[in-house]
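The structure under discussion appears below in the form of structure tokens.
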Amino acid sequence: MPPETVEVRRSTRRRRTVSAYRDGDKTIVLLPAGLSTTDEEQWVRRMLDRLAAKEQRRRLSDDDLLDRARELSTRYLDGRALPNSVRWVENQQHRWGSCTPDHATIRLSTRLRGMPAWVVDYVIMHELVHLLVPSHGPRFWALVERYPKAERARGFLEGFSMAASGSAEEC
Ligand SMILES: [Zn+2]
């Protein structure tokens with residue numbers, strides 16, 4: 001699991017329902033009052049697994065990714081980045097995303113699946129900007145920062161990389 005922010009809310013009324021949902025970059029888990037700490041931990045874990053599984057089922061196809069990319073380009077890059085294809089790839093263990101500017105193709109690591117949409121959008125945005133600016137210079141970052149959650153998403157991915165491999169990675 002990515003290092004997400006989980007907020008546990010205990011119902012004050014005697015409701016027996018347990019539920020979980022995403023609220024921006026937070027995950028809210030609703031639990032009935034009066035659970036023991038051990039039960040609470042188990043329920044939280046179970047609900048997070050269940051939520052992640054649900055999100056996996058409705059994960060984005062390559063066509064959806066291309067649509068996302070075009071939307072992001074229109075919204076933040078005045079439509080200047082024109083991707084031809086955006087697709088998931090399995091064989092990208094050390095990078096979240098990559099691109100080939102000559103063909104305007106973008107590849108995303110399948111490790112991003114199940115991460116919050118705003119994090120996936122950040123990686124798409126990063127690669128879209130590479131279609132315009134190849135290197136990580138000031139001009140590059142100025143464009144990336146047009147995406148409002150860029151810094152937050154970078155922090156999220158860094159935390160994830162550190163947890164998984166002990167080192168940060170970039171794309
Ligand atoms: Zn990059």
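Can you say what percent of the DSSP beta bridges in the stretch 8-83, counting only those with both residues inside, are antiparallel? Round to 5.
55 percent
For E40 and D78, what does the FRET efficiency come to when R0 = 45 Å and r is the distance between their Cβ atoms, rounded to the nearest 0.05?
Numbers: r = 48 Å, r/R0 = 1.07.
The computed FRET efficiency comes out at 0.40.
Over the stretch 36-166, calculate the relative contact order: mean separation of alpha carbon pairs under 8 Å at least 6 apart, over the residue count, as a percent.
It comes to 20 percent, rounded to a whole number.
Say a site is exposed when it is one of the trypsin sites (Lys or Arg not before Pro), sits in a DSSP loop, and has at most 11 other Cβ atoms within 10 Å; what is then the longest site-free stretch of the chain?
After excluding every exposed loop site, the longest remaining stretch is 59-171.
Between rounded, prolate and oblate, where does the stretch 53-104 land on the alpha carbon gyration tensor, with a ≥ b ≥ c its root eigenvalues, rounded for a/c under 1.5, else prolate if a/b exceeds b/c?
In terms of gyration-tensor shape, oblate.
Taking all pairs of distinct Cα atoms, average 1/r, flip it, and tell me the Kirkwood hydrodynamic radius of the chain in Å to one decimal place.
About 17.5 Å, per the Kirkwood formula over Cα pairs.
D78: net charge of surrounding residues, Cβ under 14 Å, Lys/Arg +1, Asp/Glu -1, itself excluded?
Here the charged neighbours net out to +3.
Can you list residues whose amide H is under 5 Å from R87's amide H, if they're 5+ apart or on another chain and H is modeled 1.01 Å from N?
The list, which skips near neighbours in sequence, is I106, R107, L108.
At a 1.4 Å probe radius, carbon and sulfur cover how many percent of the accessible area of the chain?
48 percent
Tell me, in nm to one decimal, what length is gained between V8 and F140 on full extension, where the rule is 0.36 nm per residue of separation less the Cα-Cα distance? Mind showing how you got there, number by number?
Values: separation 132, 0.36 × 132 = 47.52 nm, distance 3.85 nm.
Extra length from V8 to F140 when fully extended: 43.7 nm.
How much length, in nm to one decimal, is gained on full extension between S19 and K54, taken as 0.36 nm per residue of separation minus their Cα-Cα distance?
Separation in residues times 0.36 nm, less the Cα-Cα distance, equals 11.3 nm.
How would the stretch 101-167 be classified by its alpha-carbon gyration tensor: rounded, prolate or oblate, with rounded meaning a/c under 1.5 and the a/b versus b/c comparison settling the rest?
Here the stretch 101-167 falls in the prolate category.
For the chain, set up a Gaussian network in which alpha carbons nearer than 10 Å are linked by springs, and say which option among S85, S11, S98 fluctuates the most.
Top of the fluctuation ranking is S11.
Leaving out ligands and nucleic acids, note down the accessible area per residue over the stretch 75-140 with a 1.4 angstrom probe, in whole Å².
Using a 1.4 Å probe on heavy atoms only, each residue of the stretch 75-140 averages 47 Å².
Counting only residues 5 or more places away or on other chains, whose amide H sits under 5 Å from the amide H of V8 once H atoms are built in the peptide plane?
V29
Based on DSSP, what percent of beta bridges with both residues in the chain are antiparallel, to the nearest 5?
Of all bridge pairs located within the chain, approximately 45 percent are antiparallel.
The values are calculated or read from the model by the stated rules, or taken from the named source; none is laboratory data. Small disclaimer: the values here were computed from a predicted structure and weren't measured. Note that each Cβ is placed from the backbone with ideal geometry, even for glycine, and that neighbours are counted across all protein chains shown. All accessible areas refer to the heavy atoms of the entire protein, side chains included, with ligands and DNA or RNA removed. Shrake-Rupley method; radii C 1.70, N 1.55, O 1.52, S 1.80 Å.
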